[in-house]
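Down below is the structure, laid out as structure tokens.
The values are calculated or read from the model by the stated rules, or taken from the named source; none is laboratory data. For clarity, every value in this text was computed on a predicted model and none was experimentally measured. Ideal geometry is used to build each Cβ from the backbone, glycine not excepted, and the neighbour counts take in all protein chains shown. To get the accessible areas, we keep the full protein, side chains included, count just its heavy atoms, and leave off ligands, DNA and RNA. Shrake-Rupley method; radii C 1.70, N 1.55, O 1.52, S 1.80 Å.
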Amino acid sequence: MLACSVRALLSQLPAVHVLADAAAARTSAPRWAVVECARRAIAERRAEILAGIVVDGAIDPAVVAVDATELARPVLRRLINATGVVLHTNLGRAPLAGAARSAIHEVAHGYSNLEYDLETGERGSRHDHLRSLLQELTGAEDAVVVNNNAAATVLGLAALATDKEIIVSRGELIEIGGSFRLPEILKLSRGVMVEVGTTNKTHASDYASAITPATGLLLKVHRSNFAIVGFTTEVAPEALVALGRPRGIATMIDLGSGALVDRETQRRWGLPDEPTVAETVATGADLVTFSGDKLLGGPQAGIAVGTHAAIELMRKHPLMRAFRPDKLTLAALAATLAIYRDATGTGSLDDIPAMRMLGASHGELRTHADQLAASIGTIAGLTIEVEACSSAVGGGAMPTAQLASWAVTVRGPKPDDLERQLRRSAVVARIEHGRVWLDLRTIAADELELVATAVRSLGG
Ligand SMILES: *Cc1c(COP(=O)(O)O)cnc(C)c1O
């Protein structure tokens, strides 16, 4: 290309403010985003002209407006989970109940009694608000809430067993994900790990013979994210309590998921038996820890329940300051727990989205699948079908559970492309057997139309 025509093209490039003004008229994105995208578009075009790639200096402001809208989008976005994994850790685990969302809204709106005693007009404690609800729901003497179950575990270990020996089964030295590995957590809590038993079998006598005057804690970790099947033995919490209590040694159980729903309901939903918090507390364990956003279906939180002595040690521990929950978490958790309390006896847990999804009937899921398929209609080049599938609990809970479900499948020449396009429409799906699966278990009724629209857009 001739130098003079390059110069002519460069001179056609708009000024940043001119392009930004034209783009701003087409988007509600803030000024900084529009200016930034105008600048980038001009720089890109200039580079292309200099490289001899483009023969036009004009830039479409509509394209800049679309880029600016994208740039200014919130970093955390709402997605539709069509994976069928109910407590999907990557997708934020449990969606919150309406009452929990309202509670967050209310408390976020103004000031609150987070650490203020309305009776006395004096300083109160944030740790007081959920105690009685948790006592009622779990039967424990005392309770405290922290940011997540990882924090509850670290704090529980630090409070009960700093510089003491902690006896734990080799079959329970778990990794939960990321860098949370039990042996390292014990080290961090300044406990001295004493491993007993083997990978598949640990007996009460293994714990008994490992007890020394330096023993501070018997620890049991629920295998929530994997299963050991076959020739196995583990020691029940009550047997650990029976060993520890007469010797003045505390027992701590990390339940992981922490089911508040009873076993009968779990069975009705087709879930494998998960120990409930209440029955674990009833074994007499000094401390039981579990998550707020796994099977409980609430916000991210770690809940520790147990004896007053054990919980008080956690509350008073210097690390508590680093792990204490904020007002939004407490508000959402209190509202979620209230649903459980109100459901006792007669009520339903359907107000908790994760519970509703886990308890969804085969017939209801099939109806939703048929509705979704009908709403999608026919798309040239793609095959839309209703097929049986199985969903998972997720969130490191019940790894072997297969919940019978229904899906709408999309078959086309390039399933990877279809899945990626759906993701751009905020619908996360999975690919299996060369087609895209939209599992109805995790798609709420009021999301069906959005999913249908996203699928229809695959037709171009
Ligand atoms: C999930 C899990 C944790 C960690 O809980 P978070 O709330 O995710 O921090 C700890 N222990 C067990 C056994 C778990 O399953």
Query - Every residue from segment 403-438 that is in a strand (DSSP E or B) and in contact (Cβ under 8 Å) with a residue 60 or more places away in the chain - result: 403, 404, 405, 407, 427, 428, 430, 437, 438
Query raised in the report: Only one residue in 305, 386 is of a type in the set (Val, Ile, Thr), in contact with a strand residue (DSSP E or B) (Cβ under 9 Å, 6 or more places away or on another chain) and free of Cβ contacts under 8 Å to residues at least 24 places away in the same chain, so which one is that?
Result: 386
Query raised in the report: When you look at residue 140, is it more than 13 Å from the ligand (Cβ to nearest atom), out of contact with any strand residue (DSSP E or B) (no Cβ under 9 Å at 6 or more places or on another chain) and open to solvent by less than 40 Å² (accessible area, probe 1.4 Å), yes or no?
Result: no
Report task. Would you mind stating whether residue 145 is within 29 Å of the chain's Cα centre (by Cα) and within 16 Å of the ligand (Cβ to nearest atom)? Result -> yes
Query raised in the report: Which one of 357, 320 is modelled with pLDDT of 95 or more and in contact with a strand residue (DSSP E or B) (Cβ under 7 Å, 6 or more places away or on another chain)?
Result: 357
Report task. Specify the residue that is most open to solvent (accessible area, probe 1.4 Å); the eligible residues are those in segment 415-429 that are among the charged types (D, E, K, R) and modelled with pLDDT of 95 or more. Result -> 423
**Report entry** Sole exception among (1) away from the ligand (no atom under 16 Å from the Cβ); (2) in a helix (DSSP H, G or I); (3) hydroxyl-bearing (Ser, Thr, Tyr) for residue 329, by number
**Finding:** (1)
Report summary line: The residue from 240, 217, 255 that alone is in the same structural domain as residue 285 (by TED's automatic domain parsing) and within 15 Å of the ligand (Cβ to nearest atom) is 255
Query raised in the report: Quick one: which of 441, 456, 356 is buried (at least 22 other Cβ atoms within 10 Å of the Cβ), assigned to a helix (DSSP H, G or I) and not acidic (Asp, Glu)?
Result: 441
Report task. Search segment 8-28 for residues that are in contact (Cβ under 8 Å) with a residue 24 or more places away in the chain and pair each with any residue that is among the hydroxyl-bearing types (Ser, Thr, Tyr) when their beta-carbon atoms are under 7 Å apart and the residues are at least 6 apart or on different chains. Result -> 27/69
Query raised in the report: Residues in segment 98-109: is at least one closer than 30 Å to residue 427 by Cα, open to solvent by less than 30 Å² (accessible area, probe 1.4 Å) and either assigned by TED's automatic domain parsing to the domain that holds residue 225 or at pLDDT below 95 (or both)?
Result: yes
Query - Single residue of segment 191-211 satisfying the filter (in a loop (DSSP other than H, G, I, E, B) and among the hydroxyl-bearing types (Ser, Thr, Tyr)) that is most open to solvent (accessible area, probe 1.4 Å) - result: 199
**Report entry** residue 102 vs. criteria free of Cβ contacts under 8 Å to residues at least 12 places away in the same chain, in a helix (DSSP H, G or I) and out of contact with any strand residue (DSSP E or B) (no Cβ under 7 Å at 6 or more places or on another chain)
**Finding:** no
Query - Matching residues in segment 113-131 - criterion: being open to solvent by less than 50 Å² (accessible area, probe 1.4 Å) and either out of contact with any Asp or Glu (no Cβ under 8 Å at 6 or more places or on another chain) or in a helix (DSSP H, G or I) (or both) - result: 114, 121, 127, 130
Query raised in the report: What are the pairs, 6+ residues apart or on separate chains, where a residue within segment 249-263 that is in contact (Cβ under 8 Å) with a residue 24 or more places away in the chain has its Cβ under 6 Å from a residue that is assigned to a strand (DSSP E or B) and open to solvent by 10 Å² or more (accessible area, probe 1.4 Å)?
Result: 249/215; 253/220; 259/276
Query raised in the report: Can you tell me which residues in segment 266-280 are away from the ligand (no atom under 14 Å from the Cβ) and open to solvent by 20 Å² or more (accessible area, probe 1.4 Å)?
Result: 267, 268, 269, 270, 272, 273, 278, 279
Query - Matching entry among 8, 23, 15 (being touching a Pro at 6+ places or on another chain (Cβ under 7 Å), more than 30 Å from residue 352 (Cβ to Cβ) and not assigned by TED's automatic domain parsing to the domain that holds residue 225) - result: 23
Query raised in the report: Looking at this structure, is residue 410 within 16 Å of the ligand (Cβ to nearest atom) and open to solvent by less than 10 Å² (accessible area, probe 1.4 Å)?
Result: no
Query - Residues (under 20 Å from residue 100 (Cβ atoms), among the small types (Gly, Ala, Ser) and at pLDDT below 95) located in segment 323-354 - result: 343, 347, 348
**Report entry** Selection within segment 160-177 - away from the ligand (no atom under 13 Å from the Cβ), more than 18 Å from residue 200 (Cα to Cα) and either among the basic types (Lys, Arg) or not in a helix (DSSP H, G or I) (or both)
**Finding:** 162, 163, 164, 165, 166
